[in-house]
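S.K.: Below are the structure tokens for one structure; questions will follow.
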Amino acid sequence: MPRLAQVSRINVLTAIRDHDLHGAAAFVEPLGFDGPVDEVLIERGRRYDARALLAYAHGKATGDYLTPEQLTVSSLKVLTDLGFTVATRAELERPKPAPAVRANAAARPKAVRVARPEPVVRLCPTCFTQLSVTGTCDYCE
């Protein structure tokens, strides 16, 4: 019986490191994962076999490496709960829709805001209060 709750983020990152060190074929063959991959874990722009990584991480956490038959699609929720991105190949190959652009917005130039200069505030050199319109200090004179 898999104990997926014991798998931590560190175990999955260790699996990714070992996958990168040994290569994909050498990593998945001993675990029994040799067919095409449907679920992909995406980490730092690279794609990994999500089931094989989870089986290996489970082995690192509990000492019991899982077989392909012991893992289901719902068991991959552990990876998303740990903060990893898991997607199917169909989701990754689907083209993303282009952002909608309004035809009117492209023809219209954007408004430019002109910054007003800050007003010059004249201060009394003795008491540093703002001078009146006449230019004399009301407190010092």
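S.K.: Here are the criteria: (1) outside any helix (DSSP H, G or I); (2) out of contact with any helix residue (DSSP H, G or I) (no Cβ under 6 Å at 6 or more places or on another chain); (3) surrounded by 17 or more Cβ atoms within 10 Å (Cβ to Cβ). Tell me which single one Ala115 does not satisfy.
M.R.: Of everything listed in (1) outside any helix (DSSP H, G or I); (2) out of contact with any helix residue (DSSP H, G or I) (no Cβ under 6 Å at 6 or more places or on another chain); (3) surrounded by 17 or more Cβ atoms within 10 Å (Cβ to Cβ), Ala115 misses just condition (3).
S.K.: If you go through the range 55-82 one residue at a time, how many are in a loop (DSSP other than H, G, I, E, B) and over 13 Å from Asn11 (Cβ atoms)?
M.R.: Counting residues in the range 55-82 that are in a loop (DSSP other than H, G, I, E, B) and over 13 Å from Asn11 (Cβ atoms) gives 4.
S.K.: State all residues of the range 1-54 that are charged (D, E, K, R), closer than 18 Å to Leu92 by Cβ and assigned to a loop (DSSP other than H, G, I, E, B); if no residue qualifies, say none.
M.R.: Passing the criteria: Asp38, Arg44.
S.K.: If I ask for residues that are in contact with a Leu (Cβ under 7 Å, 6 or more places away or on another chain) and within 17 Å of Leu66 (Cα to Cα), which ones from the range 20-40 would you list?
M.R.: Correct list: Glu39 only.
S.K.: Can you list residue pairs whose Cβ atoms sit under 6 Å apart, with the first residue in the range 8-27 being more than 13 Å from Asp49 (Cβ to Cβ) and the second being of a type in the set (A, V, I, L, M, F, W, C) and part of a helix (DSSP H, G or I)? Count only pairs 6 or more apart in sequence or on different chains.
M.R.: Within 6 Å, the pairs are Asn11/Ala57; Asn11/Ala61.
S.K.: Any idea how many residues of the range 2-36 are touching a strand residue (DSSP E or B) at 6+ places or on another chain (Cβ under 9 Å), surrounded by fewer than 18 Cβ atoms within 10 Å (Cβ to Cβ) and among the aliphatic types (A, V, I, L, M)?
M.R.: Here the count works out to 2.
S.K.: Among the residues of the range 51-85, which ones are over 16 Å from Ala5 (Cα atoms) and touching a residue at least 12 places away in the same chain (Cβ under 8 Å)?
M.R.: Scanning the range 51-85 gives Ala52, Thr67, Pro68, Thr85.
S.K.: So, in the range 96-108, how many residues would count as being within 34 Å of the chain's Cα centre (by Cα) and either farther than 30 Å from Arg47 by Cα or at pLDDT 80 or above (or both)?
M.R.: Residues meeting the conditions: 6.
S.K.: So Ser74 clears everything in (1) more than 21 Å from Pro30 (Cβ to Cβ); (2) modelled with pLDDT of 90 or more; (3) out of contact with any strand residue (DSSP E or B) (no Cβ under 8 Å at 6 or more places or on another chain) except one condition, right? Which one?
M.R.: (2)
The values are calculated or read from the model by the stated rules, or taken from the named source; none is laboratory data. Just so we're clear, the structure is a prediction, and the values are computed from it rather than from any experiment. Cβ atoms come from the backbone with ideal geometry, glycine included; neighbour counts cover every protein chain shown.
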